[in-house]
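Colleague: For reference, the structure I am asking about is given below.
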Amino acid sequence: MLLWKTGGHAYDERIALVDASTSRLFELPLSGVSQFLWLDDTHIGFFSEAPRPPEAELTVLDLSNGRLSIETLVGETVWLVDVWEAAPDAGGASWHDAVRLRMLQAAQGARLSHDGLYLELASGLTGELWALDLAVGEPIPLSSASDGYYGRGTAWSPAAPLLAELQENSDPNVDDPVPDRIAVYDASSGRRVAMTNVQVQRGLRFEEPLPGNLAYFNWSPDGTRLLFIKHTPGNPPTGTLCTFELSGGRTECMPEAGKFVVGGTANHIAWSADGRQIRYLTCDVARGESALLTFDLEQATLSTLSGDELDLGGRLIAYFEPSPEDAYLLITHDTTCGRAGTFQDPAVILYDREDGSQLPLPFDAAALPAGKLVWRPSR
């Protein structure tokens with residue numbers, strides 16, 4: 001099920017749901033909503049205005065019976081934050097605690113571990129990286145400037161309190177052959193538990209993948225592997241998909257998956273829910289070609305879903321997002337393709353991977369920042 005905010009003036013925007021399995025659309029009896037998030041798979045929380053200390057009211061919709069209730073949040077649970085994303089797993093705690101954790105996560109531009117027990121804190125490009133133990137309030141040092149590396153960004157494991165950091169061994173604005181590395185830290189102890197040398201493209205931030213951005217990595221769903229793009233200098237520079245396995249420290253690259261080319265590949269990458277496949281987007285504006293590629297890790301085979309096969313009328317696939325259970329793809333198509341979340345004339349379809357059917361969704365450009373389209377968490 002997909003939750004989204006329809007377009008229009010801020011006071012006229014409404015909240016709607018689409019049931020992907022039945023293609024039914026539901027408009028909820030709420031308007032003037034500024035922020036929302038899934039609290040769990042049956043409760044949705046809404047703020048009519050940005051929450052401000054010392055207290056704020058959260059409207060809660062129970063999908064099981066259609067009832068609305070009001071929850072009052074007070075004290076440290078109230079922050080002026082963005083709560084577009086679903087709340088993390090709160091370790092079995094109530095969804096009210098999940099709201100607090102998600103708000104705390106967004107409050108300082110930091111991120112929580114997926115069990116909600118540790119908060120990532122970083123200081124500057126070459127500064128220290130800590131994990132804050134929320135139970136005792138103590139920061140645990142992980143990496144520091146004395147290591148001689150530039151921090152490029154981090155990613156929490158979905159399965160354990162492990163924090164991976166992409167680190168550069170030189171000025172990030174210089175494209176040179178000095179090896180970089182991915183280091184993995186145990187937030188509970190501060191120990192570095194795994195490391196591998198990599199080569200990434202310099203001078204680009206990876207948190208929001210750009211077309212041709214070869215500095216990118218993320219975790220497999222089970223937290224056993226890290227996917228990254230190995231950079232090869234050249235004209236144009238290219239990249240190859242590789243995985244780093246934590247348990248054995250083995251790195252494996254997959255040339256069969258094809259080359260990532262600057263300007264020709266929008267490196268939006270997503271694992272399948274079972275971790276057996278990797279999907280990514282290619283888009284060439286000059287040629288008017290786009291496709292979703294799926295690489296099967298076990299079979300080492302590559303399959304393609306092109307814009308022509310989707311019958312987009314010459315338009316290009318600009319963005320995609322799989323549902324949590326991987327049964328559906330949310331696909332944005334446009335007259336061009338570029339940075340995720342920036343569109344010119346976008347339209348959205350819901351693609352059923354099993355039968356190939358498509359459901360056009362009534363979004364307009366005002367509704368399409370990625371944060372306004374939120375999948376229900378998997379059960």
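Colleague: Take A291 and tell me if it is buried (at least 16 other Cβ atoms within 10 Å of the Cβ), aliphatic (A, V, I, L, M), out of contact with any Asp or Glu (no Cβ under 7 Å at 6 or more places or on another chain) and at pLDDT 85 or above. Break it down into steps so the answer makes sense when it comes.
Modeller: Working: buried (at least 16 other Cβ atoms within 10 Å of the Cβ): yes; aliphatic (A, V, I, L, M): yes; out of contact with any Asp or Glu (no Cβ under 7 Å at 6 or more places or on another chain): yes; at pLDDT 85 or above: yes.
Here the answer is yes, as A291 does meet what is asked.
Colleague: If you don't mind, there's one more thing I want to ask. Which of the residues belonging to segment 138-149 are under 27 Å from the mean Cα position of the chain (by Cα) and either assigned by TED's automatic domain parsing to the domain that holds E165 or in a loop (DSSP other than H, G, I, E, B) (or both)?
Modeller: Matches in segment 138-149: S144, Y149.
Colleague: Looking only at segment 276-330, how many residues end up being assigned to a strand (DSSP E or B), out of contact with any Leu (no Cβ under 7 Å at 6 or more places or on another chain), of a type in the set (A, V, I, L, M, F, W, C) and farther than 25 Å from G223 by Cα?
Modeller: Counting residues in segment 276-330 that are assigned to a strand (DSSP E or B), out of contact with any Leu (no Cβ under 7 Å at 6 or more places or on another chain), of a type in the set (A, V, I, L, M, F, W, C) and farther than 25 Å from G223 by Cα gives 2.
Colleague: While we're looking at this one, here's another question. State all residues of segment 161-196 that are at pLDDT 90 or above, assigned to a loop (DSSP other than H, G, I, E, B) and surrounded by 17 or more Cβ atoms within 10 Å (Cβ to Cβ); if no residue qualifies, say none.
Modeller: If the condition is that a residue be at pLDDT 90 or above, assigned to a loop (DSSP other than H, G, I, E, B) and surrounded by 17 or more Cβ atoms within 10 Å (Cβ to Cβ), then P161, A187 are the ones that fit.
Colleague: Among the residues of segment 16-60, which ones are modelled with pLDDT under 70, hydrophobic (A, V, I, L, M, F, W, C) and out of contact with any Ser or Thr (no Cβ under 7 Å at 6 or more places or on another chain)?
Modeller: Scanning segment 16-60 gives a single hit, A56.
The values are calculated or read from the model by the stated rules, or taken from the named source; none is laboratory data. Bear in mind the structure is a predicted one, so any value in this text is a computation, not a measurement. Don't worry about glycine lacking a Cβ; one is built from the backbone with ideal geometry, like all the others, and counts go over all protein chains shown.
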